[in-house]
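So the structure is just underneath, and the comments pick up after that.
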Amino acid sequence: MTTHGDSASPSGAPAVAARTGSTGVGEDRPAATGDDTLPDALTSLRAAIGAARFPLALPSAELAARTVAALADQLDDYLLPRLARLDAPLLVVVGGSTGAGKSTLVNSLVQARVSAAGVLRPTTRSPVLVCNPADSAWFRRGELLPGLTRTNQPSDDPRTLHLVTAPALPPGLAFLDAPDIDSVVDANRALANQLLAAADLWLFVTTAARYADAVPWELLHGARARGAVLALVLNRVPAEATDEVAAHLAEMLAEQGLDAAPLFVLPETWVDGQGLLPGRSTAPLADWFARLAADAEARSAVVRQTLGGALALLQPTVESLALAVDEQAAAADAMDDRVRAAYRAANRTVEQGLRDGRLLRGEVLARWQEFIGTSDLFRTLEARIGRLRDRVMASFSRRPAPAVELRDAIESQLVTLLRGVAAEAAEHAYTGWKAHPAGAALLEPDLAHHSADLPQRAERLVRDWQRGVLELVRAEGGDRRFVARTAAYAVNATGLAVMIAVFASTAFIPTGLEVATGAGTTLAGQAVLQAIFGDQAVRALARKAREDLLERVTVLLDDEASRYLARTRQARPAGRTATALRQAAERVEAARLRSGFADAAPTLSAQKMGVDAPVTEGERP
């Protein structure tokens, strides 16, 4: 009746949210083993699919989200309930283009006006399911299409299923009149796709004027790829065009590998007072369904063929989802790398600023010169340091105002540097994300600049570091005579000298502007520290103070980078999402091969059901 095509993702998947409540699956469900039954394996796959997310705006994300929704619907609506009841009545979903006459055809086949028909579009606003009274209990229980609310009355709500019984319809067979596949109403169009994926058999209805439209053929290709059982009705064919149109449609079906599907041609004709087609027009199709309903083996073949095709497609389709998850994770990594690179560069700028002496210029250099002075005391310091140490400390103790000014200048210089590198890093990170396919959607204007409170945090950082330097000096010189003799101000003055040493080059070698304007005073400060602590101790103090400052700066810049990284962290798929999808799909495939559905093949051919050529019987207008 149809053929198996190459594996592909479901076409035209409805863009609706996946339902998770209908499966009863919990996240703490034990992992399935290699001996899973097929329903158990499908339940595990449903849980894995429900956990898949594609928040980053990559080209593959929209298709992946639609595929997730389509797979979730098919598992909930069809695969799981159908596997639980292989002997349940055969569901024939009647689908087709706007105005194709689907509702009129269903009414005619069941010999009752069960589905509204008319000239206004869309006519079928909610799906209508008609079955024999003996089969109504199965459809009312809601195992099939559990997301649709059952009702006994017509409704405008597309999420309801209007159930009707018709004694003229033989037991074992049900018709579902679906909304138009090309409806102008998005919800109707999405529902039509969902219902077609839940069909045991899809009866596609088109007309002589619409049979070559693109939308129906897209869905036919999807049905062919799934291995679904198909039958076609070419409706409202003018008598003079019957042979030509039927032959052309048959040729198109053959070109698309769909020539095994039965094709019924209904003439353009009148309807009776109840809106039903003449019995002679629909007799060949009605007889075909009657034979199918009476043949349990044929119904089972339809079910197994459609189930087998849908199950065979799961693994390659889930693999496409796993690849999309991998792409999401790779994109998040790439975006994180751009942010980290921008803020690593900011850290390097600060470190380089401490090494090359650029911070020991301008206001800081002027205040340092003012603080230590340029008198004969420091010009003779190196030669007479032992005798003049006390004079140096006494000089420091008499200069509190310059000490405060120097401390403030150091703070201002560092805060200015931190604000600059943070602003530059934010700009680079923003530009990097803006150039990335997924980055632009996550950006907000304020991310292009450093945080609004960064200046205050930078000021706190520098003050905390300055206090830390004083504590370091106090700890290093706690048992030295100068601390005891000169008390707290000796610690403060020496701490300022250590800060200046941090601002100078690593080895205390004057470079650039230092040589031209400040080398003497820098070396004098170095000499003071060496006289107090010794040469190695001075180097150790400067190194520890520098390391402490850089660690604090790293924390500050990491916090700035976190504004970006938090966004990718929220968007990043869970670590094992792709692996869980692949493992669940492998378990389903293993269970499918054991179950015998792998052997399902097209069996309900036109010839088997007694349809040797397109049926064209019927009354002429």
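The values are calculated or read from the model by the stated rules, or taken from the named source; none is laboratory data. These numbers come from a predicted model, not from an experiment. Methodologically, a virtual Cβ is constructed for each residue, glycine included, from the backbone with ideal geometry; neighbour enumeration extends over all protein chains shown. Side chains are part of the model used for accessible areas, which takes the heavy atoms of the whole protein and leaves out ligands, DNA and RNA. Shrake-Rupley method; radii C 1.70, N 1.55, O 1.52, S 1.80 Å.
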Region 230-354, accessible surface, carbon-and-sulfur percent (1.4 angstrom probe):
49
Expressed in nm², what is the orientationally averaged projection area of the convex hull enclosing the Cα positions of region 214-269?
3.9
Only sites in a loop by DSSP and with at most 14 other Cβ atoms within 10 Å count here; which trypsin sites (Lys or Arg not before Pro) in region 120-221 make the cut?
141, 159
How big is region 123-201 on each of its three principal axes, counting only the C-alpha atoms and giving the largest first in Å?
36, 25, 23
Taking 30 Å as R0, compute the FRET efficiency from the Cβ-Cβ separation of residue 435 and residue 559 and round it to 0.05.
0.80
With every protein chain present, what accessible area does residue 558 have (1.4 Å probe, heavy atoms only), rounded to the nearest 10 Å²?
90
Run the simple label-point estimate for residue 283 and residue 547 please: 7 Å along Cα→C-beta, distance reported in nm.
10.0
Contact order normalised by length for region 154-214, with contacts defined as Cα pairs under 8 Å and 6 or more residues apart; what percent is it?
21
Taking a ≥ b ≥ c as the square roots of the eigenvalues of the Cα gyration tensor of region 208-314, is the shape rounded (a/c under 1.5), prolate (a/b larger than b/c) or oblate?
oblate
Could you give the accessible area per residue of region 42-193, probe 1.4 Å, as a whole number in Å²?
34
Taking just the C-alpha trace of region 35-94, give me its Rg and Dmax in Å.
14.3, 44
Can you compute the modelled spin-label distance between residue 344 and residue 363, with each label point 7 Å from Cα toward Cβ, in nm?
3.3
